[in-house]
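S.K.: First the structure, which I've put down as structure tokens, then a few questions once you've had a look.
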Amino acid sequence: MRHIIPPPWKTWIRNFFLDLDARIDSTLFSSAKGLRELYERYSTFMDRFYVGRWKRWVFIEPLSEAVTIGLGGMILMLALAIPAFRETADDDWLKKSDLAVSFLDRYGNPIGSRGIKHNDSIPLEDFPDVLIKATLATEDRRFYDHFGIDIAGTARALVTNAQAGGVRQGGSSITQQLAKNLFLNNERTIERKVKEAFLAVWLETRLTKNEILKLYLDRAYMGGGTFGVDGAAHFYFNKSARDVNLQEAAMLAGLFKAPTKYAPHINLPAARARANVVLDNLVDAGFMTEGQVFGARRNPAVAVDRRDENSPNYYLDWAFDEMRKLVDTFPKSYTERVFVVRAAIDMNVQRAAEEAVENQLRQFGRDYHATQAATVVADIDGGVRAMVGGRDYGASQFNRATDAYRQPGSSFKPYVYTTALLNGFTPNSKVVDGPVCIGNWCPQNYGHSYSGSVTLTQAITRSINVVPVKLSIALGGKSPNPAKVGRAKIVEVARRFGLKAPLPDTPSLPIGSGRGHRAGACGRLCDIPEQGQGRSRPTRCWKCAPVPAIWCGASTATARSRCRRSRPRLHRTWPR
């Protein structure tokens, strides 16, 4: 090997690498020397600004910390602002809140409306001056002075609430309230308040103050199923908002805080007391004198008596939400936002359902420590004929028929039997109704007794608990953990039905230990009478409501009603 490379080449190669090594060493040395000199120059320059002793701790250190915290705060604000601005990603964000729907029952009779009344909308300059002043004095006195967030008002509200030991005064500006009405919900969370603040600033950059005020007056919920002060004026006083007087304007302005609590058709004394507070605010804000409001105090507003007008509000709220989802599926080229919808509700059945809820609560409510109940009645075609989401809509607008989450219980068992039928079992297959345990858990039947060998038809008819658990084990076959594998198959079938509620993998899953609302439970079972073909029909329809007629504490009385498809039929929808 030594003789392969000629000696002259060896000398050249050796000299080459020696030269390369020297150049690298020289470069590194020169670079290090240059960096050191640069650092020394920088240090010499910065020494001119050196502040020592007490001046450093009084000025420099706080400023440095402020810059650091401020930079971190800006990064945090950016991270929090991104979710808020996603709410405005739709270019049609303003029109999405413009939906107005008038509802007819199955016979074509008007039963109510929801949304913004476009045809009754009036320009801001046509609103009475007393109504504008009453709103600003009560909701946001510095509306025309702040940038969307009233820092002084928020600080004042925090101090007031801290002194009172609870929420006594709101700190949200009109712009923040509008942001909540347009983009957010009413949940009381820090995340929602942060989004609300960013969206308020965003609205201030997109709209003028008068446009924001006009939107607020048109879109705020005013109780009685009405939105906007003009709709509220028609509902409560049978007149346009153009014609309201001082006492009526004060009562309307008092509804923004708690429209249900202060609705005059529900609690007139509370509405008048709230209107009196609004009159105080007008005087405190300097918009009026005590003499000017004296007449309104002595002669408070009188609202139209609507106690005999039993509007199916829970049904209308639910139907309006479903209509909004339906409109979202329309192409963007379709700009119509005013609709008349003919629903499947039967007001005779609705009144009977409301009476049934009240009677059940009076008879059994104390025994089961229940103060609320819910019922939904559906016909064989899937049309929801009646829906009651609570005892008193005026006291609580929470719809327990569609939004209350409870354990599905025995209503989950059909998914288990469907899974069994899909895996080789038949309605006449026999399973022994006897003791079974999965780990330390041993299910029991309602009567704490067993029936021996029963068919699947008998088991589901008698709602036996043990049989679904045994089926979940049998569905697992010969796997190392058959119960777990069987439950996975059951969950897969439930998902295919469209069930979206959380289904935790627990041994008690086959007998309905998960959670969900009544609407989801029944809605997914509607395909069974139609042999799985219910949702494939071309009829446009809504989400189905639950079969249980009364859900009261631990007691459930079921209605003998069947549904045809996962969503009740939408008889007809057409633009107004």
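Readers should treat all values here as calculations from the given coordinates under stated rules, not as data from a laboratory. Quick caveat: nothing in here was measured; it's all calculated off a predicted structure. Backbone-built Cβ (ideal geometry, glycine too); neighbour counts: all protein chains shown.
S.K.: Run down the lysines and flag those whose C-alpha is under 23 Å from the C-alpha of K500, throwing out any fewer than 8 positions away in its chain.
M.R.: K325, K413, K484, K489, K543
S.K.: So, one more: Excluding D47 itself, what net charge comes from residues whose Cβ is under 13 Å from its Cβ, given Lys and Arg +1 and Asp and Glu -1?
M.R.: Working: positive: R41, R48; negative: E40.
Summing Lys and Arg as +1 and Asp and Glu as -1 gives +1.
S.K.: Using a 7 Å offset from the Cα along the Cα-to-Cβ direction at both V302 and F16, what is the distance between the two label points in nm, to one decimal?
M.R.: 11.2
S.K.: Still on this structure, I have one more. Can you compute the FRET efficiency between R462 and L80 using 1/(1 + (r/R0)^6), with r the Cβ-Cβ distance and R0 = 60 Å? Round to the nearest 0.05.
M.R.: Details: r = 55 Å, r/R0 = 0.91.
For R0 = 60 Å, the calculated efficiency reads 0.65.
S.K.: Give the long-range amide H neighbours of R385: residues separated by 5 or more places, or on another chain, with amide H under 5 Å away, using H modelled in the peptide plane at 1.01 Å from N.
M.R.: Here V377, A378, D379 satisfy the definition.
S.K.: Kindly give the semi-axes, whole Å and largest first, of the ellipsoid equivalent to region 413-514, taking each as the square root of 5 times a Cα gyration tensor eigenvalue. Walk me through the numbers on the way to the answer.
M.R.: Details: eigenvalues 74, 48, 37 Å².
The equivalent ellipsoid of region 413-514 has semi-axes of 19, 15, 14 Å.
S.K.: Towards the positive end of the charge dipole of region 185-234, with charges on Cβ (+1 Lys, Arg; -1 Asp, Glu), say which of W202, G224, I190 has the farthest Cα.
M.R.: Checked the options; the winner is I190.
S.K.: What's the local net charge at V278, with K and R +1, D and E -1, over the other residues with C-beta under 12 Å away? Working shown, then result.
M.R.: On the way: positive: K133, K257, R272, R274, R297; negative: E139, E248, D280, D284.
Result for the neighbourhood of V278: +1.
S.K.: Fully extended, how many nm does the chain gain between Y144 and R48 (0.36 nm per residue separation, minus their Cα-Cα distance)?
M.R.: 29.7 nm
S.K.: List the residues whose amide H sits under 5 Å from the amide H of S113, counting only those 5 or more places along or on another chain, with H placed 1.01 Å from N in the peptide plane.
M.R.: F103
S.K.: Binning at 10 angstrom from zero up to the longest distance, how are the C-alpha pair distances of region 276-417 distributed in percent?
M.R.: 9, 24, 24, 19, 16, 5, 1, 0
S.K.: Would any residue of region 295-332 have its amide N under 12 Å from a label point 7 Å out along Cα→Cβ of D243? List them or say none.
M.R.: Once the point is set 7 Å along Cα→Cβ of D243, nothing inside region 295-332 turns out to lie under 12 Å by backbone N.
S.K.: Set the Förster radius R0 to 45 Å, insert the Cβ-Cβ distance between S453 and D505 as r into 1/(1 + (r/R0)^6), and round the FRET efficiency to 0.05.
M.R.: On the way: r = 29 Å, r/R0 = 0.64.
Once rounded, the FRET efficiency stands at 0.95.
S.K.: Another question, then. Give, rounded to the nearest 20 debye, the magnitude of the charge dipole that region 413-514 has about its Cα centre when Lys and Arg contribute +1 at Cβ and Asp and Glu contribute -1 at Cβ. It would help to have the intermediate numbers written out before the result.
M.R.: Working: 11 positive and 3 negative charges, 42 e Å.
Dipole magnitude for region 413-514 comes out near 200 debye.
S.K.: Continuing with the same structure: Amide H neighbours of S451 under 5 Å, at least 5 residues apart or on other chains, H built in the peptide plane: list them.
M.R.: D433
S.K.: With unit charges on the beta carbon (Lys/Arg positive, Asp/Glu negative), name the residue among L421, A483, V493 whose Cα is farthest towards the positive pole of the charge dipole of region 398-504.
M.R.: So the residue furthest toward the plus end is V493.
S.K.: Pull up the cross-link candidates among the lysines for K257, meaning alpha carbon to alpha carbon under 23 Å and not fewer than 8 places away within one chain.
M.R.: Within the straight-line cut-off, K257 pairs with K117, K133, K180, K193, K195, K209, K214, K239.
S.K.: Among E196, E355, what is the fewest-to-most ranking by other Cβ atoms within 10 Å? Walk me through the numbers before you get to the answer.
M.R.: Numbers: E196 22, E355 11.
Ascending Cβ contact count within 10 Å gives the list E355, E196.
S.K.: Also, I was wondering about something else. Please give the net charge around T419, taking every other residue with its beta carbon less than 11 angstrom from that of T419, where Lys and Arg add +1 and Asp and Glu add -1. List each step's numbers first, then the result.
M.R.: Values: positive: K413, R487, K489, R496; negative: E492.
That sum, taken over residues with Cβ under 11 Å, equals +3.
S.K.: Let's test the formula: R0 of 45 Å, r as the Cβ-Cβ distance of E290 and A155. What FRET efficiency results, to the nearest 0.05?
M.R.: Numbers: r = 28 Å, r/R0 = 0.63.
E between E290 and A155, to the nearest 0.05, is 0.95.
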